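The values are calculated or read from the model by the stated rules, or taken from the named source; none is laboratory data. Quantities reported herein were computed from a predicted structural model and do not represent experimental measurements. So basically every Cβ, Gly included, is an ideal-geometry build from the backbone, and we count neighbours across all protein chains shown.
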Amino acid sequence: MKNKLSVIGKRLGCGFRNLWADRSGGATLEVAVVTAVLVAIALIFNQQIREYAKSIFEQVFNVTPNLNPGTP
């Protein structure tokens, strides 16, 4: 019984090592992390981003845009 558990443990350990060494999904993970960071920054600085965009619209088009969703 102990020998069977040892063999199973070695197979699992080898599988985890192979999974850790596999780089096929590395680029996807990097894109996901960068996207998550950008979304978090956008959520944290939501009001400042809106004010900055509003000032750019006013300077370029000489109009005041409605950047608040849900308001007419």
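On the given criteria, is residue 28 modelled with pLDDT of 65 or more and surrounded by 10 or more Cβ atoms within 10 Å (Cβ to Cβ)?
Numbers: modelled with pLDDT of 65 or more: yes; surrounded by 10 or more Cβ atoms within 10 Å (Cβ to Cβ): no.
So residue 28 fails the test.
Using beta carbons and a limit of 7 Å, which pairs, at least six apart or on different chains, have the first residue in the range 47-61 and surrounded by 11 or more Cβ atoms within 10 Å (Cβ to Cβ) and the second one modelled with pLDDT of 85 or more?
49/42
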